[in-house]
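Beneath this line is the structure, given in structure tokens, with notes to follow.
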Amino acid sequence: MRVPDAAPEPGTAYPSAPELPWLDESAGRLIRPFTACGGRTRPTVRLDLLTMVLATGRPPRRRLGPEHAQVLRVCGGPLPVAEIAAQVRLPVAVTKVLLADLFELGAVTVNSPVPAGRSVTDRDLLEAVLHGLRARL
């Protein structure tokens, strides 16, 4: 079995289970997801599902494991954490730990989708959405 070189192009299918090293059609996952991040369950950097991640193009300061390298290949363009997890077919919690490692190595940058000084539940924004919805009814 081989490690996929990159995520498939939009509109194409993911490789079938026998082509992925951690999947087997009859047995399912061959390794537990937490082994990809050394058993760690919490990232060292605050990341949410909408945090945008982008590869810096700089080589990491240490050797990467195959899961780290796979995640890094997906980060060629700005993508949210949720999309990266879907493309590498790993749980979001595991993907966050791998991304935090890559961030600490200088291999990726992360940007929160919430502007500084604004809350995710910004009252003005919610009222504007409500007004727009009422206008459509």
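Read the figures in this text as sums done on the coordinates, not as results from a lab. Just so it is clear, the structure is predicted and the values come from calculations on it, not from any experiment. Glycine also receives a Cβ, built like all others from the backbone with ideal geometry; neighbour counts cover every protein chain displayed.
Rounded to two decimals, what ratio of Rg to Rh does the range 46-116 give with C-alpha atoms and a Kirkwood Rh?
Result: Rg/Rh = 0.93.
What nm distance separates the two modelled labels at T56 and V92, each placed 7 Å from Cα along Cα→Cβ?
A separation of 2.6 nm, rounded to one decimal place.
Using packing as a proxy for protection, rank 42-52, 72-82, 123-133 so that the peptide with the highest average count of other Cβ atoms within 10 Å comes first.
The packing order, highest mean first, is 72-82, 42-52, 123-133.
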